[in-house]
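Take a look at the structure below.
The values are calculated or read from the model by the stated rules, or taken from the named source; none is laboratory data. The structure presented is a predicted model; accordingly, all values stated were derived computationally and were not measured. Neighbour counts are summed over all protein chains in view; Cβ atoms, including those assigned to glycine, are modelled from backbone coordinates with ideal geometry. These area figures cover heavy atoms from the full protein model, side chains too; ligands, DNA and RNA do not enter into them. Shrake-Rupley method; radii C 1.70, N 1.55, O 1.52, S 1.80 Å.
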Amino acid sequence: MARTTTQFVCSACGAVYKKWAGHCEACGGWNTIHEEAALSASGPAKKTLGASRGKGMALSSLAETEAPLPRTVSGIGELDRVLGGGLVPASVVLVGGDPGIGKSTLLLQAAAAFAGAGVKTIYVSGEEAAGQVRMRAQRLGLGAAPVSLAAETNLRDILTTLDAERPGFVIIDSIQTMWADHVESAPGSVSQVRAASHELTSFAKRRGISVVLVGHVTKDGQIAGPRVIEHMVDTVLYFEGERGHQYRILRAVKNRFGPADEIGVFEMTGAGLAEVLNPSELFLSERDRPASGSVVFAGIEGTRPLLVEIQALVAPSTLATPRRQTVGWDGGRLSMILAVLEARCGVTFGGLDVYLNVAGGMRVSEPAADLAVAAAILSSRQDVPIPTDTVVFGEISLSGALRPVSQADQRLKEAAKLGFAAAIAPSQMKLQGESGITVQRIDDLAGFVETTFGAVE
Ligand SMILES: [Zn+2]
């Protein structure tokens, strides 16, 4: 019996199908499914693995003490923080992001920093000629950094060179341009991207080299996105930000050697990306006088407290179905908060457009921002400003009750550091220490609406 050796793979999420379809049910992508040769065409092995004897494994106990991971610090504090305290040898880091967002700039700066710290560093570009990379390095003032450059896409040649050179740190820009000649499909396909990642990952583990893979987030589905290799690597970082904004956020979504959800904040300058040492100040920079619809949320990103401004605009709608639009916050969560406000507090939004924006290009995913979102919406709807010296946090449940959130002390301390005097927060929250902030404790959303905005109709 001839076995079928083709399959259909979604280039966005890697889901495998027997037949072609226009719509991927796993990730919801349209036109992202393409035919590909299956990796193994030889069929199942004749014998089971256990039939012939392997070597005995060395087993160890849980009680053995582990030496702390030897890490190399780049000196770019925000990058080291996101990596969990520096680069770990024999680790593979995927850096994903939209094309043109500044991944190559950041990694060139990282390459120069690690090379400066004494790590032998090689930058392999499959996108640009070596001359272009060199020009960028000179523009960034890094022309003198001891980084070796290569413009190559043939994975076999790259691995041979790396084997001979024995670097400590390698950047592959980008994984979608790499071509493994033992896989019969075009560069950028799911099979190629996976095979190249697998080769580079096992090489990194075997030789103790740290490897960074750059992956472009693609929109059209023709080229495999970084999501298809997230499971293979140790650390997944996404580089976020709007092209028009000068701020960029490096976010750890997976990290075997450090906390996930950690973020690093950078500012795009003429001389490359500069670290932002106090991001809270940055995200609040344009607040001086009270304005309705603007609320400061005391959040936690990774291990660090971060204050961000949440802005809402509630305006009469001319549409039969009013608009609900969000930037930097989940649209489904906005609908939920509006529904709770309607059902539990009697505040209606029929005939009103609701826009919500997290200032500064930041993206907030914590449920602890619920109360700040509700406060911003109510403040805009009623045209009543929330005092500028007040931060807000708390999770809203469907019953309208406020749930306590984690690390309340840290949130309040950060607010105090930045000159805030008051906070609106859930009443059940437990505080360990004294922050110097006057906390207005709220039981439920209806109580908050009444005490802050009076009778709302
Ligand atoms: Zn998919």
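Quick look at the values:
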item	result
Distance-filtered residues of the stretch 359-394 - backbone nitrogen under 13 Å, label point 7 angstrom along V327 Cα→Cβ	359-363
Net charge of neighbours whose Cβ lies under 13 Å from the Cβ of V392, counting Lys and Arg as +1 and Asp and Glu as -1	-3
Unsatisfied cross-links (Cα-Cα over 26 Å) in the set K18/K103; K254/K417; K103/K205; K19/K103; K205/K254	K18/K103; K254/K417; K19/K103
Simple spin-label estimate for A455 and A21 in nanometres, 7 Å along Cα-Cβ	5.5 nm
Under 19 Å from the Cα of K55 - lysines, other chains or at least 8 residues apart	K47
Aspartates and glutamates with Cα under 14 Å of K219, excluding same-chain neighbours fewer than 8 positions away	D98
Using a Förster distance of 51 Å, the FRET efficiency for H231-D383 (Cβ separation, nearest 0.05)	0.55
Sulfur and carbon atoms: percent of accessible area, the chain [1.4 Å]	52 percent
Label-point separation in nm, N154 to E242, each point 7 Å along Cα→Cβ	4.5 nm
Cα gyration tensor, the stretch 393-457 - rounded (a/c under 1.5), prolate or oblate	oblate
Summed side-chain charge close to V253 - residues other than V253 whose Cβ falls under 14 Å, Lys, Arg +1, Asp, Glu -1	-1
